[in-house]
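Presented below is the structure to which this report refers.
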Amino acid sequence: MRRQGSQFTSPDFIKVLASRQIKISMDGKGAWRDNVFVKRLWRTIKYEEVYLHAYASVPEARASIGRHLGFYNSRRPHWSLDGNTPDQAYFNQPMPDVVAA
């Protein structure tokens, strides 16, 4: 039987966090909300970026995904944020000007 997240609740791991005055927040094993936002983000990245490109190498994939994350945060409007980008919604940053290629 595998204990989900057990490495994050081990005494050794907790000692490291406590020694650095890092607060631990755990709200229940297997809760639906644990990974829902990360899963949604990676689903979006897969469908909007990864599945559309045939990367020649890992460095190329990293660079391309990194550019997409920049676009996702600074230029792509999100309906859940009332049409704002994450940068606008969370950091009060204006949307960058569009530059013609």
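The values are calculated or read from the model by the stated rules, or taken from the named source; none is laboratory data. Fair warning: this is a prediction, and the values are worked out from it, not measured in the lab. Note: ideal-geometry Cβ built from the backbone for every residue, glycine included; neighbour counts use all protein chains shown.
Structure notes:
- Of the residues in region 69-85, none is at pLDDT 95 or above, under 16 Å from the mean Cα position of the chain (by Cα), assigned to a loop (DSSP other than H, G, I, E, B) and not polar (S, T, N, Q).
- Residues in region 59-101 that are among the β-branched types (Val, Ile, Thr) and under 16 Å from Tyr47 (Cα atoms): Ile65 alone.
- Filtered residue count, region 43-70, keeping only those that are touching a helix residue (DSSP H, G or I) at 6+ places or on another chain (Cβ under 9 Å) and among the aromatic types (Phe, Trp, Tyr): 1
- Residues (assigned to a helix (DSSP H, G or I) and either exposed (fewer than 12 other Cβ atoms within 10 Å of the Cβ) or of a type in the set (Gly, Ala, Ser) (or both)) located in region 47-66: Tyr47, Tyr51, Leu52, Val58, Pro59, Ala61, Arg62, Ala63, Ser64, Gly66
- Restricting region 1-46 to residues that are part of a loop (DSSP other than H, G, I, E, B) and among the β-branched types (Val, Ile, Thr), the residue that is modelled with the highest pLDDT: Ile22
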